[in-house]
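Scroll down for the structure; my scribbles are underneath it.
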Amino acid sequence: MNLKRKLTAFLAAAVMAVTGAAGALGTAFSAVTAYAAETGVDYVSIHGRLKVSGNKIVDKNGKEFQLRGMSTHGIMWETYGDVLSYDSLKVLRDDWKCNTIRIAMYTEEWGGYTTGSTYATQAKAKIATGVENAKKLGMYVIIDWHILNDGNPNTHKTEAKAFFKEMVNKYNSYDNVLYEICNEPNGSSVKWTGTNGIKSYCTDVVNTIRTAEKAKTGKNSIIICGTGTWSQDIQDVVGNTLTDKNCVYALHFYANTHTDWLRNRVKTCSSSIPILVSEFGTCDASGNGGFNKSETVKWLDTLDSLKIGYINWSLADKNETASAFKNGTNLKKISSGEGSLTESGKLIRSEYRKRAPAETVTPTTYKITGTSNVAVRITAANKTQGAAAGGTYSITGLANGTYTVSCYSMAGAKYVDRTYSLTVKNKDATLDVKLYLKGDVNGDGKITTVDIGLINSYIRGIKQLDDYQKLVADVNGDGKVSTADIGKINGHIRGTVKLF
């Protein structure tokens with residue numbers, strides 16, 4: 001941002017499996033709990049991987065989409081990176097109605113990414129926390145190469161290319177990740193064009209990202225390109241954009257410093273180029289002083305009318321006007337409501353809640369289907385259905401999760417009941433059910449000396465039986481497999497013992 005404050009930096013440091021009995025033989029199988037459904041909106045599931053179409057960001061259905069969210073302060077200082085916790089991001093999603101989190105990783109400032117391998121490692125760990133938690137919550141996430149003191153992005157272009165290649169290799173399959181490759185180019189000689197200009201830098205880094213993406217899944221993520229004078233000179237991009245069509249151009253404003261003159265620039269340029277306000281503040285460009293509610297609201301009204309997204313600075317408890325939280329707030333576990341918010345935080349939360357569109361989506365559900373070798377009653381997720389011998393069953397209306405599928409014989413004690421553990425993940429699942437006769441250890445449908453041989457080998461330690469086979473072999477029901485069971489099965493074969 002223009003005249004941005006000098007920083008006082010502080011370094012901070014589904015696979016299906018048959019399951020057996022729980023505990024002793026004959027005890028009940030333990031239930032596997034399905035994943036708890038989130039109460040908030042899963043934006044990524046609804047809108048998918050975003051892309052640029054003409055001068056707008058659109059979702060997977062081609063519908064215009066506004067990123068609306070918050071930016072961290074520098075994740076390497078104080079506890080500012082703590083706000084990337086699952087609990088805090090969930091509050092931002094559900095209470096603030098944010099669909100996006102921006103992770104600001106400073107580059108050249110003390111403790112920044114380019115100042116030492118230890119700092120780089122720490123920064124990447126914090127990015128990973130933010131990306132993974134955002135993914136779980138269905139939020140979009142911007143990985144921000146936050147240049148500031150380095151002015152010209154070409155200063156650390158080599159490091160930037162290596163960094164973004166690494167990010168692509170890690171996150172290319174994620175539909176929620178966007179890349180901001182130069183936060184705020186600045187300096188009197190730093191222009192969009194020229195041999196050492198911003199466009200030249202962006203071209204090289206964008207090419208690096210696209211090459212890495214092609215080598216992975218081939219999926220493209222949106223790339224956000226900073227513009228001159230602390231990302232205000234979007235007019236220089238008009239008629240001189242990058243050849244890559246999945247890029248947007250950054251506009252930053254601070255409401256008490258950048259007023260009608262910059263808003264008018266946005267109105268003029270937005271018909272020609274795709275713009276994202278990847279950072280804005282409610283106050284002076286210094287970040288401290290000049291809180292201006294009316295100008296902030298004017299800006300948000302303008303951006304909404306143009307369907308341009310915006311990200312507020314910042315999710316910090318620093319003692320400055322731009323911070324959303326009061327000093328001393330536990331950023332790792334922020335609370336819903338206004339209790340811990342500054343005037344800026346209260347305004348942004350209120351405006352975001354008012355402006356968020358009603359997101360409605362019919363939850364996607366799946367089913368488990370299969371056949372059964374005997375007449376059986378099958379239960380999963382408190383839903384029960386019967387199946388005839390050789391027939392099929394279908395249990396519907398299941399969310400993603402891991403379920404216990406309990407199978408009870410309709411032929412009394414003749415067959416041994418069993419349970420399966422089955423994971424449903426983004427598609428219908430198939431589970432063919434097979435119950436064994438008591439004593440039919442090999443499951444071939446009859447009781448013979450082969451079954452006696454298996455039990456004998458198990459007792460002697462030569463062969464292993466799975467937990468279900470142990471239940472089948474325990475024909476006398478004493479909770480263990482022993483020679484007593486062999487005796488009963490042998491008697492059954494000879495016609496002197498009735499097993500069921």
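The values are calculated or read from the model by the stated rules, or taken from the named source; none is laboratory data. Not measured: the values here are computed from a predicted model. Note that we place each Cβ from the backbone using ideal geometry, even for glycine, and neighbour counts take in every protein chain shown. To get the accessible areas, we keep the full protein, side chains included, count just its heavy atoms, and leave off ligands, DNA and RNA. Shrake-Rupley method; radii C 1.70, N 1.55, O 1.52, S 1.80 Å.
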Exercise for review: Pop a pseudo-label 7 angstrom from the Cα along the beta-carbon direction at both Phe500 and Arg377 and give the gap in nm to one decimal.
Suggested key: 1.6 nm
Review point. With θ set to phi - 60° and the Karplus curve 6.51 cos²θ - 1.76 cosθ + 1.60, what are the ³J(HN,Hα) couplings of segment 242-253 in order, to the nearest whole Hz, using x for Gly and Pro?
Key: 5, 6, 5, 8, 9, 10, 10, 10, 7, 10, 10, 9
Point to revise | Contour minus Cα-Cα distance for Thr384 and Lys480 (0.36 nm per residue) | key: 31.5 nm
Revision key, fill the gap. In deg cm²/dmol, rounded to the nearest 500, the helical mean residue ellipticity at 222 nm of the chain, built from -39500 (n - 2.57) for every DSSP H run of length 4 or more, is -8500 deg cm²/dmol
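Excluding Thr448 itself, calculate the net charge of residues whose Cβ lies under 13 Å from the Cβ of Thr448, where each Lys or Arg counts +1 and each Asp or Glu counts -1.
Net charge around Thr448: -1.
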Practice item. Whenever you get a sec, compute what percent of the accessible area on the chain sits on carbon and sulfur atoms (1.4 Å probe). Key: 49 percent
Study note, to complete from the structure: Quick shape check on segment 368-500: root eigenvalues a ≥ b ≥ c of the Cα gyration tensor, a/c under 1.5 is rounded, otherwise prolate if a/b tops b/c, else oblate, and it reads prolate
Review point. Of Thr129, Leu347, Leu422, whose Cα points farthest to the positive end of the dipole of the chain (charges on the beta-carbon: +1 Lys, Arg; -1 Asp, Glu; origin at the Cα centre)?
Key: Leu422
Point to revise | Residue-count net charge about Gly328 - beta-carbon cut-off 15 Å; Lys, Arg +1, Asp, Glu -1 | key: 0
Check your understanding: How about segment 197-296: which chymotrypsin sites (Phe, Trp or Tyr not before Pro) there lie in a loop by DSSP and see at most 13 other Cβ atoms within 10 Å?
Key -> none
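How big is the dipole moment of the chain about its Cα centre under a simple scheme where the beta carbon of each Lys and Arg is +1, that of each Asp and Glu is -1, and everything else is neutral? Debye, nearest 20, please.
1100 debye
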Check your understanding: Roughly how big is segment 238-317's charge dipole about its Cα centre, with Cβ charges of +1 (Lys, Arg) and -1 (Asp, Glu), in debye to the nearest 20?
Key -> 300 debye
Study note, to complete from the structure: quick shape note, segment 395-460: Cα extents on principal axes in Å, largest first -> 44, 28, 16
Point to revise | Amide H contacts of Met105 (H built 1.01 Å from N, under 5 Å, at least 5 apart or other chain) | key: Asp144, His146
Check your understanding: About its Cα centre, what dipole magnitude does segment 105-150 give when the only charges are +1 on Lys and Arg Cβ and -1 on Asp and Glu Cβ, stated in debye to the nearest 20?
Key -> 320 debye
Review point. Val450 to Lys307: extension gain in nm, 0.36 nm per residue of separation minus the Cα-Cα distance?
Key: 44.2 nm
Check your understanding: Could you give the accessible area per residue of segment 212-337, probe 1.4 Å, as a whole number in Å²?
Key -> 36 Å²
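Compute the normalised compactness of segment 307-458: alpha-carbon radius of gyration over 2.2 N^0.38 Å, N being the residue count.
Rg over 2.2 N^0.38 Å, computed on Cα atoms: 1.89.
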Exercise for review: Select from Gly281, Thr259, Ala324 the residue farthest towards the positive end of the dipole of segment 234-335; place +1 on Cβ of Lys and Arg, -1 on Cβ of Asp and Glu, and compute about the Cα centre.
Suggested key: Ala324
Review point. How much length is gained on full extension from Ile46 to Lys298, taking 0.36 nm per residue of separation minus their Cα-Cα distance?
Key: 87.8 nm
Practice item. Over all directions, average the projected area of the Cα convex hull of the chain and note it in nm². Key: 28.4 nm²
Study note, to complete from the structure: Of Glu213, Glu343, Glu159, ordered by accessible area with the largest first and a 1.4 Å probe, the sequence is Glu343, Glu159, Glu213
Point to revise | Dipole of the chain, positive end: most advanced residue of Thr496, Gly397, Gly477 [Cβ charges, Cα centre] | key: Thr496
Point to revise | Spin-label pair Lys267/Ser350, simplified geometry with 7 Å Cα→Cβ offset, distance in nm | key: 2.5 nm
Practice item. Could you provide, to the nearest whole Å², the per residue accessible area of segment 42-140 with probe 1.4 Å? Key: 32 Å²
Study note, to complete from the structure: Taking only the alpha carbons of segment 433-500, the radius of gyration and the largest Cα-Cα distance, Dmax, both in angstrom, are 10.8, 31
Review point. Once label points are set 7 Å from the Cα along Cα→Cβ at both Met410 and Thr121, what is their separation, rounded to one decimal in nm?
Key: 6.2 nm
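Return the tail of the calculated pair distribution for segment 168-290, meaning the percent of Cα-Cα pairs more than 22 Å apart. Mind dumping the intermediate values first?
Working: 2868 of 7503 pairs.
It works out to 38 percent of all Cα pairs.
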Study note, to complete from the structure: segment 294-344 and segment 468-500 have their Cα centres apart by a whole-number Å value of 71 Å
